[in-house]
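Structure first, then comments.
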Amino acid sequence: MPAADSWRPEAGLTELRARAVLLAQLRAFFAARDILEVETPLLCSYPVTDPNVVPMTSGERWLQTSPEYAMKRLLAAGSGPIYQVCKAFRAGEAGASHNPEFTMLEWYRPGFELPQLMAEVGELMAAVLERDSYRVVSYREIFCEQLQLDPFSASDAELEACVRSHIDYRPGPEPRDLWLDLLLSHVIEPRLTTEGLLFVHDYPASQAALARLREDASGCYAERFELYVDGVELANGYCELTDAAEQRCRFEHDNQLLQARGQPPRPLDEWLLQALQSGLPMCSGVALGVDRLLQAKLGLAQLREGLSFPWERS
């Protein structure tokens, strides 16, 4: 039997009104730029294959972890620039800055390269958070600044030694990307609380997900960025992959990783692959956590303080 007052919402009227204002600000921002608001289904025929994202199921369908696949189908059909504010769902994500059900803002800009999209995200932060200054650094630079370690040239053994020097991590050798993820999330990110707005770009090619790759004299990079606000990841942006064959290879590689972890493979979204095959325009896109944006705007210690009914209270 729940406590007698457990029916009450977590957020107060101040937070609820602030959320309503924030949503209005977001829509006004995109309306001023003539970016079309769209809606796509929350129930999906295909899940994401990303091994680091655990989708939820509802009967024979999946609750979306992001509207990305459906929005790319709209782009391939000639929608032009689009955005969406919607619910997304990811299993096992709960904490000070997580809730399994959350509100996501996602938008796509045909013809934009990554620096143009980062600049537009910066304009949104100025409009919503009234913070118009930000710093842009590469993934390599932030590792060199914080750990005096080059994440691209360091050996796996050097990455493992660096992790173990900062974290009480007991398992044996792990894949290279796990060492990098642990260093970023457990060592570097906690040091970014005084950084304000920080864009980190040019990730390792192995972490490209659905991003385009770029190769130059210094190496091969995933054309993606993450925006941190006072050390909390707020947005994740890509210069989008448009090659259907390469996307299929990446999906299949994801399933190989899932099976190596003892998990079943996930069906590939053939509709998305067909859309890419038909011709996705060159574009950049970004997903932004609206609940985290409200948390930053109001200075809330816990994400749940800005939610009417957090998942745990259901």
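Each reported figure results from applying straightforward, stated rules to the coordinates on display, with no laboratory input. Remember, predicted model here, so these are calculated numbers, not experimental data. When we count neighbours, we look across all protein chains shown, and the Cβ atoms used for this are built from the backbone with ideal geometry, even at glycine.
If I model a spin label as a point 7 Å beyond the Cα along the Cα-Cβ vector, how far apart are those points for W271 and T194 in nm?
Each label point lies 7 Å from its Cα, and together they span 4.9 nm.
In what sequence, highest mean first, do 191-199, 276-284, 54-62 appear when ranked by Cβ atoms within 10 angstrom?
Numbers: 191-199: 15.8, 276-284: 17.4, 54-62: 13.6.
Ranking the peptides 191-199, 276-284, 54-62 by packing returns 276-284, 191-199, 54-62.
At 7 Å along the Cα-to-beta-carbon direction for both R131 and L149, put a label point, then send me their distance in nm to one decimal.
About 2.6 nm separates the two model spin labels.
If you take the Cα atoms of region 160-223, find Rg, then find the Kirkwood Rh from the mean of 1/r over all pairs, what is Rg/Rh? Could you put the intermediate results ahead of the total?
Working: Rg = 13.9 Å, Rh = 13.6 Å.
Using only Cα positions, Rg/Rh for region 160-223 is 1.03.
Quick one, which of (i) 20.4, 73; (ii) 19.7, 65; (iii) 20.3, 83 is the actual Rg and Dmax of the Cα atoms in Å calculated for this model?
(ii)
Rounded to whole Å and sorted largest first, list the principal axis extents of the Cα atoms in region 160-314.
On the principal axes, region 160-314 reaches 45, 40, 40 Å in Cα extent.
If packing is taken as the average number of other Cβ atoms within 10 Å across a peptide's residues, how do 290-303, 251-264 rank, most packed first?
Values: 290-303: 18.9, 251-264: 13.2.
Result, highest mean first: 290-303, 251-264.
Could you compute how fast region 58-132 diffuses translationally, taking Rh as the Kirkwood radius over C-alpha pairs and applying Stokes-Einstein at 25 °C with viscosity 0.890 mPa s? Give it in µm² per second.
Working: Rh = 14.5 Å.
This corresponds to a translational diffusion coefficient of 169 µm²/s.
I'd like to know how region 174-265 sits against the 2.2 N^0.38 Å rule of thumb: what's its Cα Rg over that expected value? Each step should come with its number before you reach the end.
Details: Rg = 14.9 Å, N = 92, 2.2 N^0.38 = 12.3 Å.
Here the answer is 1.22, to two decimals.
Only bridges with both residues in region 135-270 count here: give the DSSP antiparallel percent, nearest 5.
Working: 18 of 22 bridges.
Bridges in region 135-270 that DSSP calls antiparallel: roughly 80 percent.
What number do you get for region 88-240 when its Cα radius of gyration is normalised by 2.2 N^0.38 Å, N = residues? Could you put the intermediate results ahead of the total?
Working: Rg = 16.1 Å, N = 153, 2.2 N^0.38 = 14.9 Å.
In units of the 2.2 N^0.38 Å rule of thumb, it is 1.08.
Taking every eigenvalue of the Cα gyration tensor of region 1-147, multiplying by 5 and rooting it, what semi-axes result, largest first, whole Å? Walk me through the numbers before you get to the answer.
Numbers: eigenvalues 151, 103, 82 Å².
Working through the eigenvalues yields semi-axes of 27, 23, 20 Å.
Can you give me the Rg/Rh ratio for region 105-184, using Cα atoms for both radii and the Kirkwood formula for Rh?
Using Cα coordinates only, the ratio equals 1.13.
In what sequence, highest mean first, do 163-175, 30-42 appear when ranked by Cβ atoms within 10 angstrom? Intermediate results must be reported in sequence, preceding the final value.
Values: 163-175: 10.9, 30-42: 13.8.
In descending order of packing, they fall as 30-42, 163-175.
What Kirkwood radius, in Å to one decimal, follows from the Cα pairs of region 219-292? Working shown, then result.
Details: mean 1/r = 0.0687 Å⁻¹.
Hydrodynamic radius (Kirkwood, Cα pairs) of region 219-292 is 14.6 Å.
D156 versus E60, label points 7 Å from Cα toward the beta carbon: distance in nm?
4.2 nm
Report for the chain the percent antiparallel among DSSP-assigned beta bridges with both residues inside it, nearest 5. Walk me through the intermediate numbers first.
On the way: 44 of 51 bridges.
Taking every DSSP beta bridge within the chain, about 85 percent pair in antiparallel fashion.
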